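Undergrad: This is the structure, below, for whatever I ask next.
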Amino acid sequence: MTAAALMAFLHHAAAFALVAMLAAELVLVRGELTVARARQLLRADAIFGISAGVVLAVGALRVGWFEKGASYYFHNVPFIAKLSLFVAVGLLSIYPTVQFLSWRAALKQGQAPQVPEHKLRAIRRVIHWELAGVLLIVLCAALMARGVGFVAPVRAALPAPEGVAKKVAAEMLALARHGMTEAAIARLAPEFDFARMTPLVVGPAWERATPSQRVQLNGEFQRVALRTYAGLLASTPDVALEFGPPRKPAADETELAVHAQLRRSDDKVEIDYLLERTEEGWKIYDLRVDGASLASTWRSEFAAQVRERGIDGLIEALAARNRRAAAAAL
Ligand code: HEM
C-alpha cells in the first residue's frame with residue numbers, strides 16, 4: 001500500500017468512525033438515560049473527539065504532502081467550505097461534550113444523571129446539526145477531489161511589452177551617451193531573449209558548436225548586440241524616440257512588435273521591437289530598423305565568418321569587435 005493510499009484509508013476510516021459515533025450518540029440520547037447509557041454516551045463522545053483529531057491530522061498531511069499540494073487546496077472553494085464546516089461542527093460539538101462531561105460526578109457514584117428534558121432535546125438538536133454539517137463536508141470533499149471550484153491563482157501581471165521596450169530604450173539612451181559598461185550590459189541583457197537570439201544569428205553552426213563555444217558565442221554576441229543598439233540611439237546628440245499608443249496583448253498572444261520612431265535632426269528611423277512572452281515576462285528577441293531585421297543582418301554576416309574562419313574564428317571576431325568598442329568607451 002502506498003503512503004498516499006494509507007493516508008486516504010486512515011482519513012476515510014476516521015471519518016466513518018466520526019459519523020458512526022454521532023449516529024450512536026443520537027440513538028443513545030433518545031432513550032431513558034440509565035447509568036449504562038450515560039457511560040456509553042461519554043465513551044462515544046470520546047471516540048468522536050479522537051476520530052475528529054485523526055481526520056484533521058491526516059487531512060492536513062494529505063493537503064500538504066500526499067495529494068495535490070496545499071496551493072491547490074487553498075485555491076479550491078469546496079476545500080475552504082469543507083474546512084469551515086469542519087470548524088463549525090467542532091464548535092457545535094462543544095455543547096454536547098460539556099453536557100456529557102457534567103454527568104461524570106453522578107456516574108462516579110453509580111447514579112444516572114438527572115437531565116431535564118429540554119437539555120436532552122437541545123443535545124439532540126445540536127447532534128442533528130452536526131450530522132447535517134458532516135453531510136455537507138462529504139459533498140465538499142467529493143467536489144474538491146475532482147477540481148470543482150478551483151480558482152486559478154492570480155499571476156502577477158507581467159509588465160506591458162511597451163513598458164519593456166521603453167525601459168530598455170531609456171536606459172540605452174542614457175548609457176549610450178556615457179559608455180556601455182559591463183555592469184550596464186549585465187543589467188540590460190535579461191530584457192532580451194538571448195537564449196533565442198544567439199542560436200538564431202549563429203545559424204546552423206550553433207548545432208555544431210561545443211558547450212564551451214556556445215557560452216563564448218552567447219557572451220560575445222550579447223555585448224555586440226547591446227552595443228550596436230546603444231550605438232544606434234547615440235548616433236546623433238539630438239535623438240528622440242517616440243512610441244506609438246500602447247496596446248494590451250491578447251491573453252494567448254506570445255509574440256508582438258512594439259513600434260517606435262527614432263527622430264534625429266536630419267532623418268527619421270522606424271524601429272520595431274520584436275518581443276516574445278516568456279515565463280519571466282516579455283523579452284526582446286529582435287529589432288527591425290527601417291524594416292530590416294538586425295538578427296537577419298547578423299545571421300548572414302556571421303555565416304560568412306563561420307565559412308571563412310570556423311566557429312572559433314567567429315568568436316574571435318566578435319571578441320575583437322567588443323574589445324575595440326570597449327576601448328572607444330561604447
Ligand atoms: C468530518 C470531516 C471530514 C470528512 C467526513 C471528510 C471526508 C472526505 C472524503 C469522503 C474524501 C474523499 C473524496 C473523494 O475522493 O471523492 C476526502 C478527501 C480529502 N479530505 Fe477530507 N474529510 C473531512 C475533513 C477533512 C479535513 C479537516 C481536511 C484537511 C485539513 C481534509 C482533507 C482532505 C483531503 C486533502 C482529501 C483528498 C482530496 C483529493 O483527492 O484531492 N478532510 N475527505
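Undergrad: Any chance you could give the angle, 0 to 90 degrees and rounded to 10, that helix 3-28 forms with the longest Cα principal axis of the chain?
TA: It works out to around 30 degrees.
Undergrad: Averaging the inverse of every distinct alpha carbon separation and then flipping it gives the Kirkwood radius. What is it for region 161-327, in angstrom units?
TA: Final number for the Kirkwood radius of region 161-327 is 16.6 Å.
Undergrad: Only Lys, Arg, Asp and Glu count, each charged at its Cβ (+1, +1, -1, -1), so figure out the dipole size of region 3-145 about its Cα centre, rounded to 20 debye.
TA: Charge dipole, region 3-145, about its Cα centre: 280 debye, nearest 20.
Undergrad: Shifting gears a bit: With the Cα gyration tensor of region 3-145 in hand, give its eigenvalues times 5 under a square root as the equivalent ellipsoid semi-axes, listed largest first in whole angstrom.
TA: Details: eigenvalues 220, 45, 24 Å².
Working through the eigenvalues yields semi-axes of 33, 15, 11 Å.
Undergrad: Note the angle between two axes, namely the Cα long axis of helix 211-233 and the longest principal axis of the Cα atoms of the chain, as a number of degrees from 0 to 90, rounded to the nearest 10.
TA: Compared with the principal axis, the helix lies near 70 degrees.
Undergrad: Can I ask one more? Using the Kirkwood radius built from alpha carbon pairs, what does the Stokes-Einstein equation give as D for the chain at 37 °C and 0.692 mPa s, in µm² per second?
TA: Numbers: Rh = 26.3 Å.
After rounding, the answer is 125 µm²/s.
Undergrad: Can you list the GluC sites (Glu not before Pro) in region 1-88 that are in a DSSP coil and have 13 or fewer other beta carbons within 10 angstrom?
TA: Working: sites: Glu25, Glu32, Glu67; in loops: Glu32, Glu67.
Taking region 1-88 and a limit of 13 other Cβ atoms within 10 Å, the loop GluC sites (Glu not before Pro) found are Glu32.
Undergrad: Name the residue farthest towards the positive end of the dipole of region 3-145 from the options Ala44, Ala142, Ala5, assuming +1 on Cβ of Lys and Arg, -1 on Cβ of Asp and Glu, about the Cα centre.
TA: Ala44
Undergrad: Of Ile123, Gly231, Ile311, whose Cα points farthest to the positive end of the dipole of the chain (charges on the beta-carbon: +1 Lys, Arg; -1 Asp, Glu; origin at the Cα centre)?
TA: Towards the positive end, the residue furthest out is Ile123.
Undergrad: I'd like the orientation of helix 294-327 relative to the chain: the angle between its Cα long axis and the longest Cα principal axis, in ° from 0 to 90, rounded to 10.
TA: 90 degrees
Undergrad: If each residue of separation counts as 0.36 nm, what is the full-extension length gain between Ala189 and Ile94 once their alpha-carbon separation is subtracted? Please list the in-between numbers first.
TA: Details: separation 95, 0.36 × 95 = 34.20 nm, distance 6.20 nm.
Once the chain is fully extended between Ala189 and Ile94, it gains 28.0 nm.
Undergrad: List the lysines whose Cα lies under 16 Å from the Cα of Lys283, skipping any in the same chain that are fewer than 8 positions away.
TA: Lys166, Lys167, Lys248
Throughout, read-outs are computed from the coordinates displayed, never taken from laboratory work. Predicted model, so just to flag it, every value in this text is computed and none were measured. Cβ sites come from the backbone with ideal geometry, for glycine too, and all protein chains shown count toward neighbours.
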